[in-house]
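Just so it is clear, none of the values below were taken in a lab; they were calculated from the coordinates. Here the structure is a predicted model, which means the values were calculated and not measured. Every residue, glycine as well, gets a Cβ built from its backbone with ideal geometry; the counts of neighbours run over all protein chains shown.
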Amino acid sequence: MTGASVVFEARGNAVLKACDVPEPGADEVLLESAYSVVSAGTERANLLGLPNTGTGENGFPYVPGYCGAGRVVAAGPAVTRLKIGDRVIIAWGGHCSHVVKKAEAVLKIEDDSIDLLEAAFAHIASFAFLGVRKLKIELGEPAMVAGMGILGAFAVQIANLSGAMPLLVADFDPVRRDLALRLGATAALSPGEADFIKKVKAAAGGDGPRAVVEVTGSAAALQQALEYVAWEGRISLLGCTRVSDVPIDFYNYVHRRGVSLIGAHTFTRAKQESAPGRWTEHDDYRTFLKLVKAGKLQVRPLISEIVTPDMAPAVYARLADNPHPPLGIVFDWRNFR
């Protein structure tokens, strides 16, 4: 059987390639994708071969994508927990029609009422869960989410559910600022407006937000966060800062003010058992699915476009040219066989 996969063959060059569908081993399952979600910031960085990326370190070719959902279509003889037809979260599978995974690493979607399109966002949403959890926000604590990309859109909702108040958002795009307000933010400001730092502090009650989710991946935005965060505040570094192109005065902005910078890369999460501030991937997936089912976490407003995989070259050409891409792009694999 023949499948397909999105491949970055060279810098700025994405193609959809035919490939053989692999056979699962004894303890593995073969998964067939229904949807996969584009992580625009990470995938654009890899497409361009930026520093601190897979392509920047190991070169091309490279298969992008790490977030999706689908079904089990084959299982090895030692697999007992999953069966053919089970709907599952597909993590670290690439934008591929099929992928083989160890059965123990795959989470079954137990509730059939949850749409696979929404479930496909579970893995990328888990990053935002980690970035907010690590801040240990207390009820009524002022907080800020810097950046309203797809991770920021989830972080706003999770911080809101965690009791942040007031909850601020910073983004240059007025459309994304409006979305932040609809998702539960108290106020949304542009980092480019006059007296931005003063306005953030005032909106947070005078001293600035005590908890900040920095999800832009921009060193300049981190410098701004260090200027408006409250004394002894915490900043979780959820966005990946590929290039440290802004000098930071660590004595005045971090050391002297007692500010905590918290690395929140998903590789820092607990592997086997959840702990305060550090939940496993599967526990965060389960939380995501429960909140989506309860209507407390919104996914649909984050979807900008749903495209077929053969449109991948055009999608990534736009990403290469535009540092501010559409919020949520989804590949629909259901009729692409």
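Points to keep in mind about this one:
- Listed residue pairs exceeding 31 Å between alpha carbons, taken from 136/201; 199/290; 201/296; 134/293; 17/83: 199/290
- Burial order of peptide ranges 41-49, 76-84 (average beta-carbon count within 10 Å, highest first): 41-49, 76-84
- Residue 270 versus residue 23: modelled label distance in nm, points set 7 Å from Cα along the beta carbon direction: 4.0 nm
- Linear extension gain, residue 182 paired with residue 81, 0.36 nm per residue minus alpha-carbon span: 32.4 nm
- By average C-beta atoms within 10 angstrom, highest first, the peptides 12-23, 277-288: 277-288, 12-23
- Calculated FRET efficiency for the pair residue 92/residue 194, C-beta based, R₀ 45 Å, to 0.05: 0.55
- Vicinal HN-Hα couplings computed from phi for the stretch 43-60 (Karplus, 6.51 cos²θ - 1.76 cosθ + 1.60; Hz; Gly/Pro x): 6, 5, 4, 6, 4, 8, x, 5, x, 6, 10, x, 6, x, 9, 10, x, 10
- Here the gap between residue 293 and residue 334, fully extended at 0.36 nm per residue and compared with their Cα-Cα distance, gives a gain of 12.5 nm.
- Loop-resident chymotrypsin sites (Phe, Trp or Tyr not before Pro) (DSSP state other than H, G, I, E or B) in the stretch 178-232 with no more than 13 further Cβ atoms inside 10 Å of their Cβ: 231.
- Spatial offset of the stretch 42-96 relative to the stretch 202-266 amounts to 31 Å, using the alpha carbon center of each.
- Shape class for the stretch 141-207: oblate, because the ratio a/c of the largest to smallest gyration tensor axis (alpha-carbon atoms, square roots of eigenvalues) is 1.5 or more and b/c is at least a/b.
- Residue 50-residue 172 pseudo-label distance in nm [points 7 Å out on the Cα-to-Cβ vector]: 1.2 nm
- Each peptide in 24-34, 293-303, 310-320, 266-276 receives the mean, over its residues, of other Cβ atoms within 10 Å, and ordering these scores from highest gives 24-34, 310-320, 293-303, 266-276.
- All aspartates and glutamates inside 13 Å of residue 102 as judged from Cα atoms, apart from same-chain residues fewer than 8 positions distant: 23, 27, 28
- Helix-only mean residue ellipticity at 222 nm for the chain, each DSSP H run of n ≥ 4 adding -39500 (n - 2.57), per residue, nearest 500: -7500 deg cm²/dmol
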